[in-house]
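The values are calculated or read from the model by the stated rules, or taken from the named source; none is laboratory data. Treat the numbers as computed from the prediction; the structure is a model and nothing was measured. Positions of Cβ are backbone-derived with ideal geometry, glycine not excepted, and every protein chain shown enters the neighbour counts.
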Amino acid sequence: MTPVARLFRTKPTERIVAEGGHGEGGELRRTMSLWQLTLFSVGATLGTGIFVILGQAVPKAGPAVVLSFVLAAFTALLSALSYAELAGTIPVSGSSYSYAYATMGELVAWVCGWCLMLEYAVSVAAVAVGWGGYLNAFLRSLAGVELPAAITASPGQDGGVVNLPAILIVALATWLLLHGASESARANAVFVLIKVAVLLFFCAVAFTAFRAGNLTPFAPLGLAGVTAAASQVFFSYIGFDAASTAGEEARNPRRDLPLAILLSLAVVTAVYVLVAVAAVGARPWTEFDPESTEASLSAIADEAAGATWPGLVVSFGAVVAIASVVLTVLYGQTRILFAMSRDGLVPRVFQRVDPRRQVPVANTLIVALFVSVLAGLVPLGQLAEATSIGTLFAFALVNVGVVVLRRRRPDLPRGFRVPFFPVTPVLGAVMCVVVMAGLAGVTWAAFGLWMAAGLACYFLYGFRRSRLNTEAA
């Protein structure tokens, strides 16, 4: 086999599924129900955009930011349908990395896995940074105290040295993950219920101050503004695919993974649109400050009620609930690295499973350390946009993967089939490219550097140590 052919050698679907759950030293345990899987995806998604990114998106689109959320949701739905089909066909921990390996070959799988590292590890860091802003808002409302900027801001921001609250929440999520998948799922369920309750409370308060005049002009910055905001708020939909990373710990993966992905996206979209309408109806869009967004929902709740206690409730809810995003997305990153390690593309330490806890302990600790450094030292805005472009690229590959696998292996059992094939996955890939085009040039430059680094890692390490290539030699 020529070197070029080895780069695009696919891994048989049956082999990927057969290897599921097995790691070095032990196996993962199948404990997650449909309810837990759905809440895992909701927990990974709901809160990131509304609690953190909404304030940055409104100045770009005005009241039409509501349409930006709908456009981003439509883009996410097209990819979610493709994820649902592949998750029901290849129910393993690798998510889109494993799907690409089965359809487009090892090099494309590596690129997809590298993008997932950007999606998962960097989004965890971005959310952790936002959590610190809400912690400060909560302490300010509760006791009139505020943590000093030196320990709550990134270097170069308002005298920041290191963001300690962001590091703290990553450490807490790591502690929960080390106790096992089922324990983490139970903790996440509590976090998600709190999060939904708080957001519904915010809507109830904000609608008391709703003014129809705040919605006119509806799209002051035109279609370009709506598209630009959609590119940014797409970050808030990152996470609906989290259930697909639990393929080797789900009780009935072929049935439950597709349902969990689609149910979670429906819940998240409904809540996002409702909160966005309440927010722009309660406060004129021109008063949203893109430079001070970490606790915008708390401020709107206080303004609407003419008191400080509603903002206190929202801030407390965010402090508790955003922890679920950190928990579930951190989980997803460890499981993707677990699958990549099993294929030999990253060091073997990432697939070692503790036989007593049945979790990849070393993997979890290494990822937590990396995320902590990002969360403590890198500003939120740069993290959010870099995450979006990596995610969109991975989503585009998943849409292409559905088409390829349908053509090559129409005989495979599928727990879910994308409707209106092939129009839906093709449109999904196109929409991902459209939204990517709306991101800033500096984000593309950062993505290019990230991909160059990834390709260097693959050719220096992964290509030579790949299990498929070793067997072929």
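For the range 181-196, state whether one or more residues are surrounded by fewer than 24 Cβ atoms within 10 Å (Cβ to Cβ), free of Cβ contacts under 8 Å to residues at least 24 places away in the same chain and touching a Leu at 6+ places or on another chain (Cβ under 9 Å).
Looking through the range 181-196, at least one residue is surrounded by fewer than 24 Cβ atoms within 10 Å (Cβ to Cβ), free of Cβ contacts under 8 Å to residues at least 24 places away in the same chain and touching a Leu at 6+ places or on another chain (Cβ under 9 Å).
Somewhere in the range 284-292, is a residue over 30 Å from residue 20 (Cβ atoms) and touching a Phe, Trp or Tyr at 6+ places or on another chain (Cβ under 8 Å)? Break it down into steps so the answer makes sense when it comes.
Restricting attention to the range 284-292, the residues satisfying the condition of being over 30 Å from residue 20 (Cβ atoms) are 284-292.
Add one more test, that the residue is touching a Phe, Trp or Tyr at 6+ places or on another chain (Cβ under 8 Å), and what stays is none.
Checked against the condition, which is being over 30 Å from residue 20 (Cβ atoms) and touching a Phe, Trp or Tyr at 6+ places or on another chain (Cβ under 8 Å), the range 284-292 yields no hits at all.
Only one residue in 393, 421 is touching a Lys or Arg at 6+ places or on another chain (Cβ under 8 Å) and surrounded by 15 or more Cβ atoms within 10 Å (Cβ to Cβ). Which one?
On the way: 393 fails: touching a Lys or Arg at 6+ places or on another chain (Cβ under 8 Å).
After applying the criteria, what remains is 421.
For residue 134, which of the numbered conditions (1) in a loop (DSSP other than H, G, I, E, B); (2) under 30 Å from residue 308 (Cβ atoms) fails to hold?
Checking residue 134 against (1) in a loop (DSSP other than H, G, I, E, B); (2) under 30 Å from residue 308 (Cβ atoms), the one that fails is (1).
Which condition number in (1) within 23 Å of residue 77 (Cα to Cα); (2) out of contact with any Gly (no Cβ under 9 Å at 6 or more places or on another chain); (3) assigned to a helix (DSSP H, G or I) is the one that residue 420 fails?
(3)
Within the range 144-162, take every residue that is hydrophobic (A, V, I, L, M, F, W, C) and at pLDDT below 80 and give me the one that is surrounded by the most Cβ atoms within 10 Å (Cβ to Cβ). Can you show your working first?
We begin by selecting, within the range 144-162, every residue hydrophobic (A, V, I, L, M, F, W, C); these are 145, 147, 149-151, 153, 161-162.
From what's left, at pLDDT below 80: 149, 153.
On the way: 149: 14, 153: 23.
Per the criteria, the residue is 153.
Go through (1) free of Cβ contacts under 8 Å to residues at least 40 places away in the same chain; (2) more than 30 Å from residue 159 (Cβ to Cβ) one by one and return the number of the condition residue 445 breaks.
(2)
Out of everything in the range 445-473 that is within 22 Å of the chain's Cα centre (by Cα) and surrounded by 15 or more Cβ atoms within 10 Å (Cβ to Cβ), what residue ends up being modelled with the highest pLDDT? Steps first, answer last, please.
Step one: filter the range 445-473 for residues within 22 Å of the chain's Cα centre (by Cα), giving 445-451, 453-454.
Filter again for surrounded by 15 or more Cβ atoms within 10 Å (Cβ to Cβ), leaving 446-447, 450-451, 454.
Values: 446: 82, 447: 86, 450: 87, 451: 90, 454: 93.
Among those residues, the one meeting the criterion is 454.
Select from the range 174-233 the residues that are among the basic types (Lys, Arg) and modelled with pLDDT under 90 and write down the one among them that is farthest from residue 431 (Cα to Cα). Let's see the steps before the verdict.
From the range 174-233, those among the basic types (Lys, Arg) are 186, 195, 211; that's our starting set.
Adding the requirement that they be modelled with pLDDT under 90 leaves 186, 195.
Details: 186: 35, 195: 29 Å.
The extreme case among them is 186.
Among the residues of the range 228-284, what is the count of those that are over 30 Å from residue 204 (Cβ atoms) and buried (at least 21 other Cβ atoms within 10 Å of the Cβ)?
Result for the range 228-284: 13.
Having 3 or more residues that are in contact (Cβ under 8 Å) with a residue 12 or more places away in the chain, among the aliphatic types (A, V, I, L, M) and buried (at least 24 other Cβ atoms within 10 Å of the Cβ) is the bar; report the helices (runs of 4 or more DSSP H) wholly within the range 1-120 that clear it.
Numbers: elements: 3-7, 13-19, 34-45, 54-61, 65-89, 96-103.
Qualifying helices (runs of 4 or more DSSP H): 34-45, 54-61, 65-89.
Would you mention how many residues in the range 230-258 are within 14 Å of residue 389 (Cα to Cα), part of a helix (DSSP H, G or I) and of a type in the set (A, V, I, L, M, F, W, C)?
4
Regarding residue 227, is this residue part of a helix (DSSP H, G or I), within 26 Å of residue 192 (Cβ to Cβ), of a type outside the set (D, E, K, R) and touching a residue at least 12 places away in the same chain (Cβ under 8 Å)?
Values: part of a helix (DSSP H, G or I): yes; within 26 Å of residue 192 (Cβ to Cβ): no; of a type outside the set (D, E, K, R): yes; touching a residue at least 12 places away in the same chain (Cβ under 8 Å): yes.
No; evaluated as a whole, the condition is false for this residue.
Which pairs have Cβ atoms under 7 Å, sit 6 or more apart or on different chains, and link a residue in the range 309-331 that is over 11 Å from residue 192 (Cα atoms) to one that is outside any helix (DSSP H, G or I) and among the aliphatic types (A, V, I, L, M)?
Going by the 7 Å Cβ cut-off, the qualifying pairs are 315/295.
Among the candidates 67, 71, 7, 54, which residue alone is of a type in the set (A, V, I, L, M, F, W, C) and touching a Gly at 6+ places or on another chain (Cβ under 9 Å)? Steps first, answer last, please.
Values: 67 fails: touching a Gly at 6+ places or on another chain (Cβ under 9 Å); 71 fails: touching a Gly at 6+ places or on another chain (Cβ under 9 Å); 54 fails: touching a Gly at 6+ places or on another chain (Cβ under 9 Å).
The conditions single out 7.
Condition check: touching a Leu at 6+ places or on another chain (Cβ under 6 Å) and part of a helix (DSSP H, G or I). Does residue 454 satisfy that?
Criteria not met by residue 454.
Scan the range 285-295 and give yes if some residue there is out of contact with any Gly (no Cβ under 6 Å at 6 or more places or on another chain), assigned to a helix (DSSP H, G or I) and farther than 21 Å from residue 172 by Cβ, otherwise no.
Applying the first criterion (out of contact with any Gly (no Cβ under 6 Å at 6 or more places or on another chain)) to the range 285-295 yields 286-287, 289-292.
Those still in the list that are assigned to a helix (DSSP H, G or I) too: 286-287.
Applying the additional criterion that residues be farther than 21 Å from residue 172 by Cβ yields 286-287.
Yes: one or more hits.
Given the structure, is residue 17 at pLDDT 85 or above and out of contact with any helix residue (DSSP H, G or I) (no Cβ under 6 Å at 6 or more places or on another chain)?
On the way: at pLDDT 85 or above: yes; out of contact with any helix residue (DSSP H, G or I) (no Cβ under 6 Å at 6 or more places or on another chain): yes.
So residue 17 fits the description; yes.
Being assigned to a helix (DSSP H, G or I), among the charged types (D, E, K, R) and surrounded by fewer than 19 Cβ atoms within 10 Å (Cβ to Cβ), is that true of even one residue in the range 316-337? Step through it out loud before you land on a result.
Step one: filter the range 316-337 for residues assigned to a helix (DSSP H, G or I), giving 316-337.
Then keep just the ones that are among the charged types (D, E, K, R); that gives 335.
Among the residues that remain, those that are also surrounded by fewer than 19 Cβ atoms within 10 Å (Cβ to Cβ) are: none.
No: zero hits.
Let's see how each residue does on (1) part of a helix (DSSP H, G or I); (2) among the polar types (S, T, N, Q):
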| position | (1), (2) |
| --- | --- |
| 344 | no, no |
| 366 | yes, no |
| 372 | yes, yes |
| 404 | yes, no |
| 416 | no, no |
| 433 | yes, no |
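For the list (1) more than 15 Å from residue 319 (Cα to Cα); (2) of a type outside the set (Gly, Ala, Ser); (3) touching a residue at least 12 places away in the same chain (Cβ under 8 Å), I need the number of the one condition that residue 134 fails.
(1)
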